[in-house]
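Peer 1: The structure under discussion is supplied below as structure tokens; questions concerning it will follow.
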Amino acid sequence: MVSSPIFDTPLTQPAPQPKSSAFRINWEFCHASRTLKLIRRFMLETASSCRASESTFWVISNDGKRIEAAVNSGKDCDRVEKVVVAANDSVVGLIATAGISLCVGPGEFMNPEIKKEFSVRNMVVAPVMVDSQICGVVSAINAIDGEKFKCEDLETLQWRAYLLGLVLSDVLRQVDRE
């Protein structure tokens, strides 16, 4: 015997899913007094551990079309932290959309304006994840020893990107408790 569907049962809408915490990580969040000092120190340590002249934490814009330099560890951090690049016209945009890590050597593609403006010779880049979603990208530029970054530098940056995701998750939990 085949049962008939019951049509007088009201259809229920699925409960709205809470927005991932990853979407809460933006430029303003990074520049809040509580997080800026923490992330800036983290980026200084990241640059040092990757043998880089500086490192930057890039966040995805609210519309997803741009990548914004949120926190930088270099001498020109005030200028760098105003940089916004198109997601489809930059290495950091590629990493944010593809979720892969990358080592970019001299002569390989980089955003030409950024490369010229900030004298970028080479870089290592890795995605940062919060709640299993990419919330941004960490980049380290200009290897201090020699001309290129080594595989070990990329592995170190990937580890640092993972740790930054944990740190950001913890900061979000603290903000939610308040």
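The values are calculated or read from the model by the stated rules, or taken from the named source; none is laboratory data. Values in this document were obtained by computation on a predicted structure and should not be read as measured data. All Cβ positions, even for glycine, are placed from backbone atoms using ideal geometry, and neighbour counts span all protein chains on display.
Peer 1: Answer with yes or no whether Gly93 is surrounded by fewer than 16 Cβ atoms within 10 Å (Cβ to Cβ), of a type in the set (Gly, Ala, Ser) and within 12 Å of the chain's Cα centre (by Cα).
Peer 2: The answer is no for Gly93.
Peer 1: Of (1) within 22 Å of Phe23 (Cβ to Cβ); (2) out of contact with any Phe, Trp or Tyr (no Cβ under 6 Å at 6 or more places or on another chain), Asp89 satisfies all except one. Which?
Peer 2: Failed condition: (1).
Peer 1: Show the residue pairs meeting these rules: Cβ distance below 8 Å; 6+ apart or different chains; first residue within the range 150-178 and under 17 Å from Thr46 (Cβ atoms); second residue among the acidic types (Asp, Glu) and assigned to a helix (DSSP H, G or I).
Peer 2: From residues that are under 17 Å from Thr46 (Cβ atoms), the pairs are Arg160/Glu45.
Residue by residue, here is whether (1) small (Gly, Ala, Ser); (2) surrounded by 14 or more Cβ atoms within 10 Å (Cβ to Cβ); (3) at pLDDT below 55; (4) in contact with a helix residue (DSSP H, G or I) (Cβ under 9 Å, 6 or more places away or on another chain) holds:
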{"residue": "Ser4", "(1), (2), (3), (4)": "yes, no, yes, no"}
{"residue": "Asp8", "(1), (2), (3), (4)": "no, no, yes, no"}
{"residue": "Gln17", "(1), (2), (3), (4)": "no, no, yes, no"}
{"residue": "Ser21", "(1), (2), (3), (4)": "yes, yes, no, yes"}
{"residue": "Asn26", "(1), (2), (3), (4)": "no, yes, no, no"}
{"residue": "Arg34", "(1), (2), (3), (4)": "no, no, no, yes"}
{"residue": "Phe42", "(1), (2), (3), (4)": "no, yes, no, yes"}
{"residue": "Arg51", "(1), (2), (3), (4)": "no, yes, no, yes"}
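Peer 1: Would you confirm whether or not the range 138-147 contains a residue that is surrounded by 17 or more Cβ atoms within 10 Å (Cβ to Cβ) and more than 24 Å from Leu36 (Cα to Cα)?
Peer 2: Yes, because at least one residue in the range 138-147 is surrounded by 17 or more Cβ atoms within 10 Å (Cβ to Cβ) and more than 24 Å from Leu36 (Cα to Cα).
Peer 1: Whether any residue in the range 162-170 is in a loop (DSSP other than H, G, I, E, B), surrounded by fewer than 19 Cβ atoms within 10 Å (Cβ to Cβ), of a type in the set (D, E, K, R) and at negative phi is what I want to check.
Peer 2: no
Peer 1: In addition: Can you pull out every residue in the range 35-74 that is charged (D, E, K, R), within 30 Å of Gly146 (Cβ to Cβ) and not in a helix (DSSP H, G or I)?
Peer 2: Arg51, Glu54
Peer 1: Then there's this: State whether the residues of the range 66-79 include one that is modelled with pLDDT of 95 or more, over 16 Å from Leu154 (Cα atoms) and polar (S, T, N, Q).
Peer 2: yes
Peer 1: Another question about this same structure. State the number of residues belonging to the range 128-137 that are of a type outside the set (Asp, Glu) and surrounded by fewer than 24 Cβ atoms within 10 Å (Cβ to Cβ).
Peer 2: The initial filter retains those residues of the range 128-137 that are of a type outside the set (Asp, Glu), namely 128-130, 132-137.
Keeping just the survivors that are surrounded by fewer than 24 Cβ atoms within 10 Å (Cβ to Cβ) gives 129-130, 132-134.
Of the residues in the range 128-137, 5 are of a type outside the set (Asp, Glu) and surrounded by fewer than 24 Cβ atoms within 10 Å (Cβ to Cβ).
Peer 1: I need a count of the residues in the range 23-34 that are assigned to a helix (DSSP H, G or I) and either of a type in the set (Gly, Ala, Ser) or farther than 24 Å from Lys65 by Cα (or both).
Peer 2: 2
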